[in-house]
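Data block below; observations after.
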Amino acid sequence: MPVLCSPNQLTLLGTREEGRGYGGTGATSHSTTPSRSVVGVDLRADIRDFLVTRRARLTPEQVGLPNTGRRRVPGLRREEVAVLAGVSPEWYTRLEKGHISGVSEDVLDAVARALRLSDIECEHLFNLARSAKPVRTPRRRNSPVVPESLQRVLDSMTTAAAFVRTGRLDIVGTNALARALYSPVLDDPRHRGNLARFDFLDPRAADFYPNYDAALSVAVALLRTESGRNPRDPELINLVGELATRSEAFRVRWGAHDVRSHRGGVKEFNHPAVGYLELTYDSMELVAAPGLTLTAYTAEPHTLSADNLGLLASWAASRELPGVDAVGRLSLGD
(Lines give C-alpha, C1' and ligand atoms only; values in the text may rest on other atoms or scores of the structure.)
Protein backbone atom coordinates (compact mmCIF):
# COMPACT_ATOMS: atom_id res chain seq x y z
CA MET A 1 0.00 0.00 0.00
CA PRO A 2 1.33 3.48 -0.78
CA VAL A 3 2.04 5.56 2.28
CA LEU A 4 -0.17 8.54 3.09
CA CYS A 5 2.09 11.32 4.20
CA SER A 6 0.54 14.35 5.78
CA PRO A 7 2.05 16.75 8.32
CA ASN A 8 -0.52 15.70 10.93
CA GLN A 9 0.73 12.12 10.69
CA LEU A 10 4.42 12.95 10.72
CA THR A 11 6.50 13.02 13.87
CA LEU A 12 9.20 15.55 13.08
CA LEU A 13 12.65 14.64 14.46
CA GLY A 14 13.42 17.51 16.89
CA THR A 15 21.11 17.85 12.86
CA ARG A 16 35.75 25.36 9.45
CA GLU A 17 38.72 25.25 10.83
CA GLU A 18 40.86 22.46 9.38
CA GLY A 19 43.97 21.08 10.95
CA ARG A 20 46.51 18.87 9.27
CA GLY A 21 45.05 16.90 6.43
CA TYR A 22 44.27 13.28 7.08
CA GLY A 23 43.13 10.66 4.65
CA GLY A 24 40.72 7.78 4.75
CA THR A 25 38.61 5.70 2.46
CA GLY A 26 37.46 7.93 -0.34
CA ALA A 27 39.40 10.90 1.04
CA THR A 28 41.40 13.28 -1.10
CA SER A 29 44.03 15.82 -0.17
CA HIS A 30 43.29 18.00 -3.18
CA SER A 31 40.12 17.73 -5.14
CA THR A 32 37.87 19.68 -7.47
CA THR A 33 35.26 21.90 -5.85
CA PRO A 34 31.89 20.14 -5.52
CA SER A 35 28.82 21.51 -7.21
CA ARG A 36 26.73 24.23 -5.59
CA SER A 37 24.11 21.71 -4.55
CA VAL A 38 26.74 20.02 -2.38
CA VAL A 39 28.38 22.97 -0.65
CA GLY A 40 25.61 25.56 -0.48
CA VAL A 41 21.91 26.11 -0.11
CA ASP A 42 20.29 25.19 -3.42
CA LEU A 43 16.85 23.98 -2.45
CA ARG A 44 15.61 23.73 -6.02
CA ALA A 45 18.46 21.38 -6.85
CA ASP A 46 17.80 19.32 -3.72
CA ILE A 47 14.09 19.05 -4.52
CA ARG A 48 14.76 18.17 -8.15
CA ASP A 49 17.38 15.54 -7.36
CA PHE A 50 15.31 14.00 -4.57
CA LEU A 51 12.25 13.58 -6.80
CA VAL A 52 14.29 12.37 -9.76
CA THR A 53 16.08 9.71 -7.71
CA ARG A 54 12.80 8.50 -6.18
CA ARG A 55 11.20 8.33 -9.64
CA ALA A 56 14.16 6.43 -11.09
CA ARG A 57 13.82 3.52 -8.68
CA LEU A 58 10.24 2.64 -9.71
CA THR A 59 9.16 0.55 -12.68
CA PRO A 60 5.76 0.75 -14.43
CA GLU A 61 4.96 -2.77 -13.23
CA GLN A 62 5.49 -1.76 -9.60
CA VAL A 63 2.82 0.94 -9.81
CA GLY A 64 0.34 -0.91 -12.03
CA LEU A 65 1.13 0.84 -15.32
CA PRO A 66 1.82 -0.87 -18.67
CA ASN A 67 5.42 -1.00 -19.82
CA THR A 68 5.44 0.77 -23.17
CA GLY A 69 8.88 -0.37 -24.27
CA ARG A 70 12.44 0.83 -24.11
CA ARG A 71 13.21 3.81 -21.88
CA ARG A 72 16.07 6.25 -22.23
CA VAL A 73 16.46 6.53 -18.44
CA PRO A 74 15.55 4.10 -15.65
CA GLY A 75 12.31 4.42 -13.75
CA LEU A 76 9.00 6.11 -14.40
CA ARG A 77 8.53 8.96 -16.82
CA ARG A 78 7.39 12.33 -15.49
CA GLU A 79 4.03 12.01 -17.20
CA GLU A 80 3.46 8.63 -15.52
CA VAL A 81 4.08 10.13 -12.09
CA ALA A 82 1.70 12.95 -13.00
CA VAL A 83 -1.03 10.44 -13.91
CA LEU A 84 -0.54 8.57 -10.64
CA ALA A 85 -0.61 11.82 -8.64
CA GLY A 86 -3.64 13.23 -10.47
CA VAL A 87 -1.89 16.36 -11.73
CA SER A 88 -0.96 17.61 -15.19
CA PRO A 89 2.40 16.61 -16.70
CA GLU A 90 3.30 20.30 -17.03
CA TRP A 91 2.58 20.89 -13.35
CA TYR A 92 4.64 17.89 -12.21
CA THR A 93 7.53 18.91 -14.47
CA ARG A 94 7.52 22.31 -12.81
CA LEU A 95 7.50 20.68 -9.37
CA GLU A 96 10.40 18.44 -10.29
CA LYS A 97 12.36 21.51 -11.34
CA GLY A 98 12.18 22.68 -7.75
CA HIS A 99 9.18 25.01 -7.82
CA ILE A 100 7.66 23.65 -4.62
CA SER A 101 6.86 26.81 -2.66
CA GLY A 102 3.11 27.23 -2.23
CA VAL A 103 2.26 23.66 -3.23
CA SER A 104 -0.64 22.35 -1.14
CA GLU A 105 -0.23 19.56 1.37
CA ASP A 106 -2.82 17.46 -0.50
CA VAL A 107 -0.77 17.64 -3.69
CA LEU A 108 2.43 16.72 -1.85
CA ASP A 109 0.56 13.77 -0.36
CA ALA A 110 -0.49 12.68 -3.84
CA VAL A 111 3.08 12.93 -5.16
CA ALA A 112 4.36 10.98 -2.14
CA ARG A 113 1.85 8.22 -2.81
CA ALA A 114 2.72 8.14 -6.50
CA LEU A 115 6.42 7.78 -5.74
CA ARG A 116 5.82 5.21 -2.97
CA LEU A 117 7.76 7.29 -0.44
CA SER A 118 8.52 5.86 2.97
CA ASP A 119 7.54 7.73 6.14
CA ILE A 120 10.96 9.37 6.49
CA GLU A 121 11.01 10.26 2.78
CA CYS A 122 7.58 11.85 3.14
CA GLU A 123 8.85 13.86 6.05
CA HIS A 124 11.86 14.94 4.01
CA LEU A 125 9.65 16.09 1.13
CA PHE A 126 7.50 18.19 3.47
CA ASN A 127 10.62 19.60 5.11
CA LEU A 128 11.95 20.67 1.71
CA ALA A 129 8.62 22.33 0.94
CA ARG A 130 8.68 24.24 4.23
CA SER A 131 12.29 25.24 3.71
CA ALA A 132 11.45 26.66 0.27
CA LYS A 133 9.25 29.34 1.82
CA PRO A 134 10.90 32.78 2.07
CA VAL A 135 12.54 33.36 5.43
CA ARG A 136 14.56 36.06 7.10
CA THR A 137 18.29 35.57 7.34
CA PRO A 138 18.62 32.85 9.99
CA ARG A 139 20.33 33.76 13.24
CA ARG A 140 23.51 31.91 14.03
CA ARG A 141 22.66 29.12 16.42
CA ASN A 142 24.61 28.78 19.64
CA SER A 143 26.65 25.65 20.20
CA PRO A 144 24.43 22.98 21.76
CA VAL A 145 24.81 22.50 25.50
CA VAL A 146 23.81 19.38 27.40
CA PRO A 147 21.91 20.43 30.55
CA GLU A 148 23.38 19.26 33.84
CA SER A 149 20.22 17.27 34.56
CA LEU A 150 20.63 15.40 31.28
CA GLN A 151 24.28 14.72 32.05
CA ARG A 152 23.16 13.14 35.32
CA VAL A 153 20.80 10.92 33.36
CA LEU A 154 23.68 9.84 31.10
CA ASP A 155 25.96 9.15 34.05
CA SER A 156 23.28 7.06 35.78
CA MET A 157 23.20 4.65 32.81
CA THR A 158 26.16 2.57 33.96
CA THR A 159 25.51 -0.58 31.86
CA ALA A 160 24.70 1.25 28.62
CA ALA A 161 26.89 3.37 26.38
CA ALA A 162 24.79 6.54 26.18
CA PHE A 163 25.55 9.73 24.31
CA VAL A 164 23.85 12.85 22.95
CA ARG A 165 24.40 14.11 19.41
CA THR A 166 23.19 16.86 17.13
CA GLY A 167 21.60 16.39 13.72
CA ARG A 168 25.04 17.13 12.25
CA LEU A 169 26.37 14.04 14.09
CA ASP A 170 28.36 16.08 16.60
CA ILE A 171 28.73 14.16 19.87
CA VAL A 172 28.05 16.76 22.57
CA GLY A 173 27.60 14.62 25.68
CA THR A 174 28.50 11.09 26.85
CA ASN A 175 28.66 8.83 29.83
CA ALA A 176 31.89 7.01 30.63
CA LEU A 177 31.01 3.92 28.59
CA ALA A 178 30.05 5.85 25.46
CA ARG A 179 33.20 7.94 25.79
CA ALA A 180 35.19 4.71 25.76
CA LEU A 181 33.16 3.21 22.91
CA TYR A 182 33.73 6.23 20.68
CA SER A 183 37.28 6.92 21.89
CA PRO A 184 38.68 6.73 18.33
CA VAL A 185 36.32 9.57 17.37
CA LEU A 186 36.71 11.68 20.50
CA ASP A 187 40.44 11.27 21.12
CA ASP A 188 41.45 12.91 17.83
CA PRO A 189 40.90 16.68 17.94
CA ARG A 190 40.74 16.85 14.15
CA HIS A 191 37.32 15.18 14.23
CA ARG A 192 35.96 17.79 16.66
CA GLY A 193 33.65 15.12 18.05
CA ASN A 194 31.93 14.61 14.70
CA LEU A 195 31.04 11.06 13.69
CA ALA A 196 30.89 11.81 9.97
CA ARG A 197 34.42 13.28 9.93
CA PHE A 198 35.70 10.12 11.57
CA ASP A 199 33.71 7.86 9.25
CA PHE A 200 34.93 9.42 6.02
CA LEU A 201 38.30 10.97 6.82
CA ASP A 202 39.96 8.62 9.29
CA PRO A 203 41.43 5.36 7.90
CA ARG A 204 40.75 3.63 11.24
CA ALA A 205 37.01 3.79 10.57
CA ALA A 206 37.23 0.91 8.09
CA ASP A 207 38.36 -1.36 10.94
CA PHE A 208 36.13 0.20 13.60
CA TYR A 209 32.94 -0.72 11.71
CA PRO A 210 32.76 -4.37 10.53
CA ASN A 211 30.04 -3.28 8.09
CA TYR A 212 31.88 -0.16 6.98
CA ASP A 213 29.96 0.47 3.77
CA ALA A 214 26.62 0.43 5.58
CA ALA A 215 27.97 2.75 8.30
CA LEU A 216 28.97 5.30 5.67
CA SER A 217 25.57 5.14 4.00
CA VAL A 218 23.75 5.63 7.31
CA ALA A 219 25.90 8.64 8.21
CA VAL A 220 25.17 10.36 4.89
CA ALA A 221 21.46 9.57 5.03
CA LEU A 222 21.24 11.13 8.50
CA LEU A 223 23.05 14.25 7.30
CA ARG A 224 20.80 14.44 4.24
CA THR A 225 17.75 14.19 6.52
CA GLU A 226 19.11 17.00 8.68
CA SER A 227 19.72 19.13 5.60
CA GLY A 228 16.01 18.91 4.80
CA ARG A 229 15.14 20.15 8.29
CA ASN A 230 17.81 22.86 8.51
CA PRO A 231 19.11 23.58 5.00
CA ARG A 232 20.51 26.99 5.97
CA ASP A 233 22.52 25.78 8.98
CA PRO A 234 25.99 27.21 8.24
CA GLU A 235 27.80 24.55 10.28
CA LEU A 236 26.00 21.80 8.37
CA ILE A 237 26.78 23.48 5.05
CA ASN A 238 30.46 23.72 6.00
CA LEU A 239 30.59 20.09 7.14
CA VAL A 240 28.97 18.81 3.95
CA GLY A 241 31.28 20.95 1.84
CA GLU A 242 34.35 19.69 3.69
CA LEU A 243 33.37 16.04 3.35
CA ALA A 244 32.31 16.39 -0.29
CA THR A 245 35.61 18.06 -1.16
CA ARG A 246 37.75 15.45 0.56
CA SER A 247 35.87 12.17 0.13
CA GLU A 248 34.64 10.54 -3.06
CA ALA A 249 32.75 8.01 -0.94
CA PHE A 250 30.79 10.86 0.62
CA ARG A 251 30.09 12.59 -2.71
CA VAL A 252 28.64 9.44 -4.26
CA ARG A 253 26.34 8.79 -1.32
CA TRP A 254 25.30 12.43 -0.95
CA GLY A 255 24.18 12.45 -4.57
CA ALA A 256 21.84 9.51 -3.93
CA HIS A 257 19.58 11.74 -1.75
CA ASP A 258 18.74 8.87 0.59
CA VAL A 259 17.24 9.78 3.98
CA ARG A 260 16.50 7.75 7.08
CA SER A 261 15.41 7.82 10.70
CA HIS A 262 17.64 6.28 13.34
CA ARG A 263 15.40 5.22 16.19
CA GLY A 264 16.54 1.68 16.88
CA GLY A 265 18.46 -1.30 15.56
CA VAL A 266 21.68 -3.26 15.88
CA LYS A 267 25.18 -1.95 15.20
CA GLU A 268 28.51 -3.73 15.13
CA PHE A 269 31.88 -2.38 16.27
CA ASN A 270 35.41 -3.68 16.29
CA HIS A 271 36.80 -1.72 19.21
CA PRO A 272 40.60 -1.41 19.35
CA ALA A 273 40.66 -2.15 23.11
CA VAL A 274 38.13 -4.99 23.53
CA GLY A 275 37.34 -6.36 20.07
CA TYR A 276 33.97 -7.27 18.59
CA LEU A 277 30.75 -5.73 19.89
CA GLU A 278 27.22 -6.30 18.60
CA LEU A 279 25.05 -3.72 20.34
CA THR A 280 21.37 -2.85 20.24
CA TYR A 281 20.70 0.86 20.09
CA ASP A 282 17.65 2.94 20.92
CA SER A 283 17.47 6.63 20.02
CA MET A 284 15.06 9.30 21.17
CA GLU A 285 14.69 12.99 20.30
CA LEU A 286 14.87 15.21 23.37
CA VAL A 287 11.81 17.40 23.76
CA ALA A 288 13.52 19.55 26.40
CA ALA A 289 16.55 20.09 24.15
CA PRO A 290 15.32 20.49 20.54
CA GLY A 291 17.79 19.31 17.93
CA LEU A 292 19.50 16.82 20.24
CA THR A 293 19.13 13.04 20.18
CA LEU A 294 20.00 10.61 22.96
CA THR A 295 21.23 7.17 21.90
CA ALA A 296 21.91 4.24 24.22
CA TYR A 297 23.76 1.05 23.25
CA THR A 298 23.22 -2.16 25.20
CA ALA A 299 24.37 -5.76 24.74
CA GLU A 300 22.29 -8.91 24.82
CA PRO A 301 22.92 -10.57 28.21
CA HIS A 302 25.18 -13.64 28.41
CA THR A 303 26.87 -13.02 25.06
CA LEU A 304 30.41 -12.30 23.93
CA SER A 305 29.36 -8.72 23.30
CA ALA A 306 28.07 -8.38 26.86
CA ASP A 307 31.40 -9.67 28.17
CA ASN A 308 33.32 -7.28 25.93
CA LEU A 309 31.11 -4.36 26.94
CA GLY A 310 31.97 -5.17 30.55
CA LEU A 311 35.65 -5.14 29.64
CA LEU A 312 35.13 -1.79 27.97
CA ALA A 313 33.60 -0.43 31.18
CA SER A 314 36.72 -1.53 33.08
CA TRP A 315 38.93 0.02 30.42
CA ALA A 316 36.91 3.26 30.68
CA ALA A 317 37.38 3.34 34.46
CA SER A 318 41.14 3.01 34.03
CA ARG A 319 41.12 6.02 31.71
CA GLU A 320 39.58 8.18 34.45
CA LEU A 321 42.66 7.99 36.67
CA PRO A 322 44.28 11.32 37.67
CA GLY A 323 45.85 13.01 34.69
CA VAL A 324 43.40 11.53 32.20
CA ASP A 325 40.74 13.76 30.65
CA ALA A 326 37.31 13.29 32.25
CA VAL A 327 34.35 12.01 30.34
CA GLY A 328 31.09 13.88 30.07
CA ARG A 329 29.97 17.05 28.39
CA LEU A 330 32.10 17.84 25.40
CA SER A 331 33.01 21.17 23.82
CA LEU A 332 32.93 21.40 20.02
CA GLY A 333 35.04 24.53 20.03
CA ASP A 334 34.28 27.76 18.18
* Hits in the range 205-231 (condition: more than 18 Å from residue 171 (Cα to Cα) and assigned to a helix (DSSP H, G or I)) -> 206, 207, 212, 213, 214, 217, 228, 229
* Asked: Any residue in the range 208-217 that is out of contact with any Ser or Thr (no Cβ under 6 Å at 6 or more places or on another chain), over 29 Å from residue 275 (Cβ atoms) and surrounded by fewer than 19 Cβ atoms within 10 Å (Cβ to Cβ)?
  -> no
* Residue that is surrounded by the most Cβ atoms within 10 Å (Cβ to Cβ) [pool: residues in the range 192-204 that are out of contact with any Ser or Thr (no Cβ under 7 Å at 6 or more places or on another chain) and part of a helix (DSSP H, G or I)] -> 199
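Residue-wise test of (1) of a type outside the set (A, V, I, L, M, F, W, C); (2) modelled with pLDDT under 90.
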{"site": "51", "(1), (2)": "no, no"}
{"site": "55", "(1), (2)": "yes, no"}
{"site": "67", "(1), (2)": "yes, yes"}
{"site": "86", "(1), (2)": "yes, no"}
{"site": "93", "(1), (2)": "yes, no"}
{"site": "98", "(1), (2)": "yes, yes"}
{"site": "101", "(1), (2)": "yes, yes"}
{"site": "111", "(1), (2)": "no, no"}
{"site": "116", "(1), (2)": "yes, no"}
* Structure fact -> Scanning the range 203-223 for residues that are out of contact with any helix residue (DSSP H, G or I) (no Cβ under 7 Å at 6 or more places or on another chain) and farther than 18 Å from residue 266 by Cα gives 203
* To do: Filter the range 289-311 down to residues that are more than 22 Å from the chain's Cα centre (by Cα) and outside any helix (DSSP H, G or I) and give me whichever is nearest to residue 149 (Cα to Cα).
  => 299
* Check 215, 196 and return the single one that is small (Gly, Ala, Ser) and farther than 25 Å from residue 131 by Cα. => 215
* Among what's in the range 264-288 and is surrounded by 14 or more Cβ atoms within 10 Å (Cβ to Cβ) and not in a strand (DSSP E or B), pick the residue that is nearest to the chain's Cα centre (by Cα). => 286
* **Within the range 232-262, tally of residues that are basic (Lys, Arg), assigned to a loop (DSSP other than H, G, I, E, B) and over 12 Å from the mean Cα position of the chain (by Cα)** => 1
* Structure fact -> Of the listed residues (235, 242, 226), the one being crowded, with 23+ Cβ neighbours inside 10 Å and acidic (Asp, Glu) is 226
* Structure fact -> Across the range 157-191, the tally of residues that are in contact with a helix residue (DSSP H, G or I) (Cβ under 6 Å, 6 or more places away or on another chain), of a type in the set (Phe, Trp, Tyr) and part of a loop (DSSP other than H, G, I, E, B) stands at 0
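The values are calculated or read from the model by the stated rules, or taken from the named source; none is laboratory data. Owing to the predicted nature of the structure, the values given are computational and were not obtained by experimental measurement. Glycine also receives a Cβ, built like all others from the backbone with ideal geometry; neighbour counts cover every protein chain displayed.
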